[in-house]
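Some notes on the structure that comes next.
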Amino acid sequence: MSRKPVIVFEGIEGSGKTHHLNKISKYLKKRKLSFIKIREPGGSLNSEKIRKLILNKKSNFNKNTDLLLYLASRSENINLLRKYYKKKIILIDRFIDSTIAYQHYGMGVNLDLINSINKHILSNFKVSFTFLNLVNHKNMVKRLRLRKSTNRYDNFKKNFYNKVQKGFVKLSNKNKRKYQIIDSNLDIKLNEKYVLKKIEKLIK
C-alpha cells in the first residue's frame, strides 16, 4: 500500500466517522505529515454548493436526481483528488461506498448506473483503506438528538438506515482486507486508539 494512502471513513448518521476523521487529522498535523481532507458531498467550492442543495430539509428530489447530485459533487472534487493522489495522505468523509449504500441499497437505484458513472468520474483513482463505523439505531437517534442542527439525511425512517448499514457491511465483506469495522456502540476512546493504531500501520 502507498505511504500516501487514500483513507475513507464510512458509516450511517451518528456512527462516529467524522469524529474519527477529525481525530486523525489532528494526529497527522501533530506529526507534521502532509495530508488533505474532504467530505462528501462537499470539499471544493462548487461541491459545497451542491451539498447545501442535497441536504436542505426543504429539498425533495427523486432518487435519481439525488444520485446525480452526489456524483456531480464528486465530479467537482476529482481534480483536487487527482492533484494529491499518491503525493499526500487523503482523508475522505464518505465516498463511493456511501453512494452505493444509500442510493442503491437504501433507495433502490440501479447499481450498474452508479458503477458506470463512478468509473467515468474516478478513472484510476482508488481507495486504499476504509474504516466502516457501525452503530445501532438507539445510539444513532441519541446522538442525532445532541446535534445543534440536522439535515435531510438525518430524518429518514429506521428501516432505511437498516438497509443502508447492511449495504455497507455487504460492501466490506467483498474485500475484508481493505476494511476495518469499528463498533461505534463501544467506548469512543477505545475506538480512537483502535483507529489510530491502524492508521499508523497504513502510513509507516
Q: Tell me the helices (runs of 4 or more DSSP H) entirely within region 98-204 that contain at least 1 residues that are of a type in the set (Ser, Thr, Tyr).
A: 111-122, 158-173, 188-203
Q: Could you tell me which numbered condition Asn60 fails, if it satisfies all but one of (1) modelled with pLDDT under 95; (2) under 17 Å from Phe156 (Cα atoms); (3) polar (S, T, N, Q); (4) in contact with a helix residue (DSSP H, G or I) (Cβ under 8 Å, 6 or more places away or on another chain)?
A: (4)
Q. Within the bounds of region 133-154, is there any residue that is under 23 Å from Ile36 (Cα atoms), modelled with pLDDT of 95 or more and surrounded by 11 or more Cβ atoms within 10 Å (Cβ to Cβ)?
A. yes
Q. Among Asn77, Asn64, Asn46, Asn56, which is surrounded by fewer than 17 Cβ atoms within 10 Å (Cβ to Cβ) and without any contact (Cβ under 8 Å) to a residue 40 or more places away in the chain?
A. Asn46
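Hey, among the residues in region 21-43 that are part of a loop (DSSP other than H, G, I, E, B) and crowded, with 18+ Cβ neighbours inside 10 Å, which one's nearest to the chain's Cα centre (by Cα)? Let's see the steps before the verdict.
Within region 21-43, the subset part of a loop (DSSP other than H, G, I, E, B) is 31-34, 40-43.
Pick out the ones that are also crowded, with 18+ Cβ neighbours inside 10 Å and you get 40-43.
Working: Glu40: 7, Pro41: 9, Gly42: 11, Gly43: 12 Å.
My answer is Glu40.
Could you grab me the full set of residues in region 97-141 that are touching an Asp or Glu at 6+ places or on another chain (Cβ under 9 Å), closer than 22 Å to Ile54 by Cα and not aromatic (Phe, Trp, Tyr)?
Correct list: Asp97, Ser98, Thr99, Ala101, Gln103, Met107, Val109, Met140.
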Q.
What's the total number of residues in region 44-53 that are modelled with pLDDT of 95 or more and outside any helix (DSSP H, G or I)?
A. 0
Q: For Asn110, indicate whether it is closer than 25 Å to Lys37 by Cα and either basic (Lys, Arg) or exposed (fewer than 15 other Cβ atoms within 10 Å of the Cβ) (or both).
A: no
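The values are calculated or read from the model by the stated rules, or taken from the named source; none is laboratory data. Just so you know, these numbers come straight off a predicted model, no measurement behind them. Here Cβ is always computed from backbone atoms with ideal geometry, including for glycine, and neighbour counts include all displayed protein chains.
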